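Enquirer: Quick one: the structure is below, questions incoming.
Every read-out reported here was derived from the displayed coordinates using simple, explicitly stated rules and does not represent laboratory data. Please read these numbers as outputs of a predicted model, since none were measured by experiment. Note that we place each Cβ from the backbone using ideal geometry, even for glycine, and neighbour counts take in every protein chain shown.
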Amino acid sequence: MTLNSYVPFPAVRKMLRSNVVSALFTAEPFVSLDEENSGLQELADLDQGSTLDFPIEGYAVTQEWAQKYPNTLKAFVRGLSEGQEIADTNRSAVEKVIERYLGISAVTAASISLPAFPTGVDPVRLQRVISAMVRFGLLPPGLSFYPITALLGS
């Protein structure tokens, strides 16, 4: 495994338990799930300081795809926005989903530090991710991006 290999969050526990690696980054709710089910220990909370609320996941399409499938893109954005609104305003709903789909107990789900669920596209937040990725050599310098709202023409 190379230093910059990608490990999906659900696989972190297996990688650590099999001693393939000694430490990995993972996010909530996987931190709490792995602590509860496997006795793994959190070494550091990386969601603080300059990385507070740093986006760790996103969605992207090419401009060509967006132009070819505008209705699909609009439906996806509408569904995502509705889900984000629920997650941002109803912690109980988030906890129930975490319990059901990740097998986390209600007690642990209630104690998880939930991430931010932004309800809109913030170009400054997106640029923050791109700048960090360029800085660490994960993207080429000078890359342009367009928020989905720009692709939708709104």
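Enquirer: Give me a comma-separated list of calculated 3J(HN,Hα) values for the stretch 75-85, in order, Karplus coefficients 6.51, -1.76, 1.60 applied at θ = phi - 60°, integers in Hz, x for any Gly or Pro.
Expert: With the stated coefficients, the stretch 75-85 comes to 5, 4, 4, 4, x, 4, 4, 5, x, 4, 4 Hz.
Enquirer: While we're on this one: Under 37 °C and 0.692 mPa s, how fast does the chain diffuse according to Stokes-Einstein, given a Kirkwood radius computed over C-alpha pairs? Answer in µm²/s, whole number.
Expert: 183
Enquirer: Okay, next question. Which peptide among 45-57, 84-96 comes first, and what is the full order, when sorted by highest mean count of other Cβ atoms within 10 Å?
Expert: Details: 45-57: 11.6, 84-96: 13.8.
Per-residue mean Cβ counts within 10 Å order the peptides as 84-96, 45-57.
Enquirer: Once fully extended, how much extra length lies between residue 21 and residue 86, figured as 0.36 nm per residue of separation less the alpha-carbon to alpha-carbon distance?
Expert: The residue 21-residue 86 span can extend by a further 19.8 nm.
Enquirer: Assuming 0.36 nm per residue, please report the length gained on full extension of the stretch residue 63 to residue 37 beyond their Cα-Cα distance.
Expert: Numbers: separation 26, 0.36 × 26 = 9.36 nm, distance 4.24 nm.
Length gained between residue 63 and residue 37: 5.1 nm.
Enquirer: Name the long-range amide H neighbours of residue 112: under 5 Å, sequence gap of 5 or more, or other chain; modelled H, no Pro or chain starts.
Expert: none
Enquirer: As a test of the formula, what do you get for the chain when each DSSP H run with n ≥ 4 contributes -39,500 (n - 2.57) and the sum is divided by the residue count, at 222 nm and rounded to the nearest 500 deg cm²/dmol?
Expert: On the way: 8 runs with 77 residues, N = 154.
Taken over the chain, the calculation gives -14500 deg cm²/dmol.
Enquirer: Can you give the alpha-carbon Rg of the stretch 1-70 over 2.2 N^0.38 Å, where N counts its residues?
Expert: That works out to 1.46 for the stretch 1-70.
Enquirer: Right, here's the next one. Place a +1 charge on the Cβ of each Lys and Arg in the stretch 7-130 and a -1 charge on the Cβ of each Asp and Glu, then give the dipole magnitude about the Cα centre in debye, rounded to the nearest 20.
Expert: 440
Enquirer: Translational diffusion coefficient of the stretch 38-119 at 20 °C, 1.002 mPa s, Stokes-Einstein with Kirkwood Rh over Cα pairs, in µm²/s as a whole number.
Expert: Numbers: Rh = 15.4 Å.
Translational D for this selection: 139 µm²/s.
Enquirer: Let me ask another. With a 10 Å Cβ neighbour count serving as the proxy for reagent exposure, in which order, fewest first, do 72, 62 appear? Please report the intermediate quantities before stating the final value.
Expert: Numbers: 72 12, 62 9.
Lowest to highest Cβ neighbour count: 62, 72.
Enquirer: Taking the Cα atoms of the stretch 54-102, report the difference between the largest and smallest coordinate on each principal axis, in whole Å and largest first.
Expert: Principal extents (largest minus smallest coordinate, Cα): 38, 22, 19 Å.
Enquirer: Quick one: divide the alpha-carbon radius of gyration of the stretch 84-125 by 2.2 N^0.38 Å and tell me what you get.
Expert: Taking N as the residue count of the stretch 84-125, the ratio is 1.31.
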